[in-house]
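Taking it in order: structure first as structure tokens, then the write-up.
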Amino acid sequence: MYKQDCPCFVPLALAGGQGKSTVALMLGRILARKGLPVLFIDADPQASLTAFLEVEPPDDHPTLLEVITNGEDKVPLYSAIHPVPNEDNLFIIPATDQLENANHYLAASGMSLTILKQRIYQVGVNIDPEYKITRNFAMVIIDPPPERSHLALTSMGAGTCWAIPAEANVKGVQSLVRTLDLLKTYQALLSNSTMVGVIPFRAKWVGLNPTKTTKESITVMEELVGKELMLPNLLESDIYKRAINEQVLPRDIGKEDLEYPITSLLDKIQPYLSPDVTSIINNHELTR
Ligand SMILES: Nc1ncnc2c1ncn2[C@@H]1O[C@H](COP(=O)(O)OP(=O)(O)O)[C@@H](O)[C@H]1O
Ligand SMILES: [Mg+2]
């Protein structure tokens, strides 16, 4: 059990193919590799993260749909948590395509922003802090859907910190603009949460130079959020696709340097981690 509740990290982007699932997966894997338990929540009805982790929820096992549409008394949060096969430190509340139905429920509830946050942090549940889910994981990572839906709102609302991955091209810039606009719309209701940075995704370099499209789009991104919020580029690379498919990290394919944008992201999230988690990370760094 950790001293403090863990943060909930959400990669946000209002378009497909921006790197949300990739960033979620790799950040979780890096933490798990340090011996830290991570709870993924798949909030996308396309269920990419559930598929990446090769989790197949049995029909009688609750998924995120049942968590959102029921209270803790009927579907306790722990009952929806699946272990990830062959991983000691990874767990997931999975999605199926049925999750789409949660959008209707959320729309009718009028509480999209708060429902998932309250379920994750077990607000109003009479429970010894020691048994709280958020005291037993180092981080919760939500993988949201790509469109401006109620599931996207509930994912955003649950976040302690967000990052925005954005493809290093015109589509990525447009997605960043729409995502920043969404955060601005709800700013007053999200004052306890922080945007930690923008991650240019699939940045293309030829030798020592970025391609024209990559360079121009990153310049526009910088103008939109300011230099201090720009995280290192996640490079276009088949290694990432291989790592996803082979259930490993780029370091396992001999390309640890490709993980740099994810470890930089972790540095940005460090202040939100429980102090005992931070000390595990730092000790791990020293002994590695
Ligand atoms: N570094 C990379 N270079 C090229 N393609 C990548 C890289 N990392 C991930 N991909 C691929 O990009 C696609 C989109 O990424 P994904 O994370 O699924 O985006 P999103 O969740 O925002 O829709 C995926 O098919 C993934 O395999
Ligand atoms: Mg995705």
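FYI, it's all coordinate maths here, none of it is from the lab. Nothing here was measured: the structure is a model prediction, and the numbers come from that model. A quick note on method: Cβ atoms are made from the backbone with ideal geometry, for glycine too, and the neighbour counts reach across all protein chains shown.
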Q: For the pairs 3/184; 117/184; 20/74, note any where the Cα-Cα span goes beyond 23 Å.
A: 3/184; 20/74
(Q) For the stretch 36-136, what are Rg and Dmax over the alpha carbons, in angstrom? (A) 13.4, 39
(Q) For the chain, what does the helix formula give at 222 nm: sum of -39500 (n - 2.57) over DSSP H segments with n ≥ 4, over the residue count, nearest 500 deg cm²/dmol? (A) -11500 deg cm²/dmol
(Q) Counting other C-beta atoms within 10 Å, and keeping those with at most 14, which DSSP coil GluC sites (Glu not before Pro) do you find in the stretch 184-288? (A) 246
Q: Report, in debye and to the nearest 20, how large the dipole of the chain comes out about its Cα centre when Lys and Arg carry +1 and Asp and Glu carry -1 on their Cβ.
A: 820 debye
Q | Alpha carbon centroid spacing (whole Å) that separates the stretch 188-229 from the stretch 256-288 | A | 21 Å
Q: Using the number of other C-beta atoms within 10 angstrom as an exposure proxy, rank 260, 2 with the fewest first.
A: 260, 2
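Could you work out the relative contact order of the chain? I mean the mean sequence separation of Cα pairs under 8 Å and 6+ apart, divided by the number of residues, in percent.
Working: 529 pairs, mean separation 74.4, N = 288.
Reported as a whole number, the value is 26 percent.
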Q) Tell me, how many Å apart are the Cα centres for the stretch 111-160 and for the stretch 45-101? A) 14 Å
Q: List the extent of the Cα atoms of the stretch 121-224 along each of their three principal axes, largest first, rounded to whole Å.
A: 56, 30, 21
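Could you calculate the FRET efficiency of residue 204 with residue 278 from 1/(1 + (r/R0)^6), where r is the beta carbon distance between them and R0 is 51 Å, rounded to 0.05?
Numbers: r = 35 Å, r/R0 = 0.68.
Computed FRET efficiency for residue 204 and residue 278 comes out at 0.90.
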Q: Starting from the Cα-Cα distance between residue 184 and residue 101, subtract it from 0.36 nm times their residue separation and give me the gain in nm to one decimal.
A: 27.2 nm
Q: Starting with the fewest neighbours, write out 96, 185 ranked by other beta-carbon atoms found within 10 Å of each beta-carbon.
A: 185, 96
**Q.** Among 155-162, 123-130, the order from most to least packed when residues are scored by Cβ within 10 Å on average
**A.** 155-162, 123-130
Q: Please figure out what share of the DSSP beta bridges in the chain is antiparallel and state it in percent, rounded to the nearest 5.
A: 15 percent
Q. With the chain treated as a Gaussian network of Cα nodes joined by springs under 10 Å, which of 215, 171, 74 yields the largest mean-square fluctuation?
A. 74
**Q.** Positive-end residue of 79, 48, 36, charge dipole of the stretch 1-86 with Cβ unit charges
**A.** 36
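Nothing charged except the Cβ atoms of Lys and Arg (+1) and of Asp and Glu (-1): what's the magnitude of the dipole of the stretch 149-288 about its Cα centre? Round to the nearest 20 debye. Spell out each step's value before the answer.
Details: 14 positive and 16 negative charges, 73 e Å.
Around 340 debye, computed over the stretch 149-288.
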Q: Estimate the FRET efficiency between residue 211 and residue 73 by the formula 1/(1 + (r/R0)^6), using the beta-carbon distance for r and 51 Å for R0, to the nearest 0.05.
A: 0.40
(Q) How big is the dipole moment of the stretch 234-288 about its Cα centre under a simple scheme where the beta carbon of each Lys and Arg is +1, that of each Asp and Glu is -1, and everything else is neutral? Debye, nearest 20, please. (A) 40 debye
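Over all directions, the average projected area of the alpha-carbon convex hull for the chain comes to how many nm²?
14.8 nm²
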